[in-house]
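What follows is calculated from the coordinates using simple rules that are stated; it is not laboratory data. In this text, all values refer to a predicted model and were calculated from it rather than measured experimentally. All Cβ positions, even for glycine, are placed from backbone atoms using ideal geometry, and neighbour counts span all protein chains on display.
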Amino acid sequence: MNRLLGACALLLVATATPARARNRLVEAGRPIAVAHDTLTVTPDREWNELGWRAGPRCERWTLDGEALNAVTFCGAVESGRPLFREVSKHDQPLPHFSTTMLLTDVPDLVEKSYRIALGASLMTIDSAEPARLDGERAIRFRYTFTRQEEVERHGEAIAAIRGKKLYWMSYEAPSIHCYARDLESWRRLAATARFR
Amino acid sequence: MAQVGWSEDLLFARAELYRQRGYPRDLVAAADFYRQALALDQRHAESHRGLGMALLRGGEAEAGRAELRRYLELAPTAGDAAMVRALVS
């Protein structure tokens, strides 16, 4: 166990970036607006909101370092819009959400977005099952991906289409030790999500 | 690539590209390629899945569900089986 913790600590040190001014502590015990103020969640422990955002309607939290665990919230993504910021709109445009999509199309959308936006060269959708997000029909899916020269990561996401807009939240962590360690913290957090 | 060289897997891959782009005409083209794949192999489970999804998105709900039911018969333990069952129920 100590060796695994040490590996995680080394990973954190190796990938740490300088603190950014907009990172802030998220206190436990009260509802917090996330995903461009389209959802609220009520954390039962302290989290950290990162200044960096993957897209204009997204935000990212971590418990103790983005390299070790990260939760992403994206809300009210409209038809014709990508999940994330374009990285190379001309050469590699990101796929767009469409109101004609079924919930089962969302994992494909996420996979294709990750391949371009995050350079995830290896990515698989491992499973998908029905779920609920604040009472709305939703999909919960699990995936595995590796960015270039990085460790393998597992992810679990929950997505819903409400009012012709896409809402999704995900949790990701290195598959060795870290993913399982914080999985329940993420699930407790996700269970508190409410539409605003 | 010569027309005679299209295997069910290549037709399936072509159909997936169209379905995932997802414009209305893409869904029609995707359904056509899935059907061509199934003409070569009626037990190609992923083509039944893709055809079902394309038909559902195109508004052909009953035909789409029938294809998804066939997918579940052929691949009952697929990773997305629970989600697909929810779509057809």
Residues A:Trp61, A:Trp52 in order from fewest to most other beta-carbon atoms within 10 Å are A:Trp52, A:Trp61
Residue-normalised 222 nm signal for chain A, counting each DSSP H run of n ≥ 4 as -39,500 (n - 2.57), nearest 500 deg cm²/dmol, is -6500 deg cm²/dmol
Excluding residues fewer than 8 positions from A:Lys89 in its own chain, the lysines with Cα under 20 Å of it are A:Lys112
Residue-normalised 222 nm signal for chain B, counting each DSSP H run of n ≥ 4 as -39,500 (n - 2.57), nearest 500 deg cm²/dmol, is -23500 deg cm²/dmol
About its Cα centre, the protein assembly as shown carries a charge dipole, from +1 on Lys and Arg Cβ atoms and -1 on Asp and Glu Cβ atoms, whose size in debye to the nearest 20 is 720 debye
For the protein assembly as shown, inverting the pair-averaged 1/r of distinct alpha-carbon atoms gives a Kirkwood value in Å of 20.1 Å
Here D for segment A:69-196, in µm²/s, from Stokes-Einstein with a Kirkwood Rh over Cα pairs at 20 °C and 1.002 mPa s, works out to 143 µm²/s
Over its alpha-carbon atoms, segment B:3-88 yields an Rg and a Dmax in Å of 12.0, 38
At the level of C-alpha centres, the distance separating segment A:27-68 and segment A:134-174, in angstrom, is 15 Å
